[in-house]
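Enquirer: I have a structure here, written as structure tokens, and I will follow up with some questions on it.
Every number in this text was worked out from the coordinates using simple rules, so none of it is lab data. Quantities reported herein were computed from a predicted structural model and do not represent experimental measurements. Counting neighbours? That spans all protein chains shown, and the Cβs are built from the backbone with ideal geometry, glycine included.
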Amino acid sequence: MGVLPFIWAMRHYFRLGAGQLLLGSLAGLTKNTLTVLPPIALGGMINAALAYQEGRIGIDGLTWAALWVLLATAATEVPRIGKSWWFATSNARLVANVRADALRGVLSWPMAGLARTPVGDVMARIIGDAEVLGRGSGELTRETWDTLCFSAALVVTMLAYDVPVTLLGLAPVPVAMVLAHAAGRWVHSRVVAARSANAALTTCLQEQLTGIRVLKLFGRSRAATDRLEALSDNQKRANLATVRVESGLLPIYSTLMVGGVVFVVWLGTRRVLSGQMAVGSLVAFLLLYRKFVDRGFRVPAMLNRLQAGAAAFSRLRP
């Protein structure tokens, strides 16, 4: 299942928590739209300090510039509290609803289907797969504002400062997005393999714990232990394969995102020396760019986690 079909299929669960999602989205929109204010205010304070040193403004102007920095910081931090609370509770509610529907679906199966399906496999799907799906839906709700809206606000503000510097600094970003899309096949296959291995191990544990006396009676304890060890090793390898892909991609994303800093420093310094950009403006631009780099790598990572959530949802669907 692709990312867009996964999001469309989850619309019913998003509607159930629409109130919390709306409040969290409003707080997220406010916080991530105003996130550009602290760097702008700091750049303005630096320019005000230079102007005060040259005698062009008085102490009142410098004081107001410093107060503006404090107000700008508070404007971004207060909405963060509401955003975190409403999104966390709405995602927990979504996971609980998915698990309830999964259990309701199992209880509605015909008796022949219940007899053929191992209990451990059902447990792994309702508990483990629902948790993976919850991480994917959490990425969608939180990172839509904390990454997409956040990054868009930063890019627009940087373009307002200087278009050529911004375009050169963001040149590696499309490469990271193409890589994230290409890596979706690896993420999907490894997540499905890891969840299947977990289901097999859970099934084996449940069956052996239920029939432990029979195993001891027929002297099959050693064989049962060997089978459990083999399934455990299989799950370990599947989980490590998933972690290797996700952990290996993050440094690549970060490197691509930060690669444009060379162009930003080079061209930005030239503009300051030529008088085309004030020192405070360059400082504000660098702070905005650093914010983008610190968060921008999560855009492709968000896509990978949505792909993992889609893989888990495909195992939960009837």
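Enquirer: If you put +1 on each Lys and Arg Cβ and -1 on each Asp and Glu Cβ, how big is the dipole of region 37-108 around its Cα centre, in Debye rounded to 20?
Expert: I would put it at about 500 debye.
Enquirer: Using only the Cα atoms of region 2-116, construct the convex hull and provide its projected area averaged over every direction, in square nanometres to one decimal. Each step should come with its number before you reach the end.
Expert: Details: hull surface 42.8 nm².
Mean projected area for region 2-116: 10.7 nm², to one decimal.
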